[in-house]
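Engineer: The structure that follows is given in the form of structure tokens.
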Amino acid sequence: PAQAVIDLKMPGKSGLELLEDGLALNPSMDVVILTGYGSIATATEAIKIGARHYLAKPVDVDDIERAFLREEPADPPSNNEQIDTPTLARVEWEHINRVLSDCNNNISKAAKKLGLHRRTLQRKLYKYAPR
């Protein structure tokens, strides 16, 4: 294929491994990586491997189309630009939900992995996502 949209977190191979395999088959393929758990480390790794763009979910079809239409990957922000850093509460909430997803939504298993009591984890999950 000339273009591909790859999710970073998938069963079996990771999106980065699939990216490497795809580019080995077609080095000129344009690839957009999607992730619900974006980080600077994985974004850097994806771009180094050869992804054209890296988008954090939620995204819609228009966002993906715009990513493919750009000729160059988006420039990183300069030192003068303000970067919105997520709050500690937001990062904690995203981490908890990622671990819960990895445990197939088994609260007891996720609580054990997180080192929390099951009831404490349940209370944290009932709260809305922090901004």
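Engineer: Quick one: in the range 1-39, of everything that is of a type in the set (Gly, Ala, Ser) and outside any loop (DSSP other than H, G, I, E, B), which residue is modelled with the lowest pLDDT?
Structural biologist: By that ranking, first place goes to Gly15.
Engineer: Does the range 15-30 contain at least one residue that is under 21 Å from Pro86 (Cβ atoms) and open to solvent by 80 Å² or more (accessible area, probe 1.4 Å)?
Structural biologist: No, the range 15-30 contains no residue that is under 21 Å from Pro86 (Cβ atoms) and open to solvent by 80 Å² or more (accessible area, probe 1.4 Å).
Engineer: Specify the residue that is farthest from Met10 (Cα to Cα); the eligible residues are those in the range 98-126 that are open to solvent by 70 Å² or more (accessible area, probe 1.4 Å) and touching a residue at least 12 places away in the same chain (Cβ under 8 Å).
Structural biologist: Checked the range 98-126; the qualifying residue farthest from Met10 (Cα to Cα) is Lys113.
Engineer: Considering the range 55-71 alone, what residues qualify as being more than 19 Å from Gly15 (Cα to Cα) and at pLDDT below 80?
Structural biologist: Passing the criteria: Arg70, Glu71.
Engineer: Let me ask another. Considering only the range 84-116, state which residues are part of a helix (DSSP H, G or I) and of a type in the set (S, T, N, Q).
Structural biologist: The answer is Asn97, Ser101, Ser108.
Engineer: Taking the range 33-66 as the region of interest, how many residues are more than 23 Å from Thr85 (Cα to Cα) and of a type in the set (A, V, I, L, M, F, W, C)?
Structural biologist: The number of residues fulfilling the criteria is 4.
Engineer: In addition: So Thr42 passes all but one of these: (1) more than 17 Å from Arg98 (Cα to Cα); (2) open to solvent by less than 60 Å² (accessible area, probe 1.4 Å); (3) outside any strand (DSSP E or B). Which condition number does it fail?
Structural biologist: Thr42 satisfies all of (1) more than 17 Å from Arg98 (Cα to Cα); (2) open to solvent by less than 60 Å² (accessible area, probe 1.4 Å); (3) outside any strand (DSSP E or B) except (1).
The values are calculated or read from the model by the stated rules, or taken from the named source; none is laboratory data. Owing to the predicted nature of the structure, the values given are computational and were not obtained by experimental measurement. Cβ coordinates were reconstructed from backbone atoms using ideal geometry, including for glycine residues, and neighbour counts include every protein chain displayed. These area figures cover heavy atoms from the full protein model, side chains too; ligands, DNA and RNA do not enter into them. Shrake-Rupley method; radii C 1.70, N 1.55, O 1.52, S 1.80 Å.
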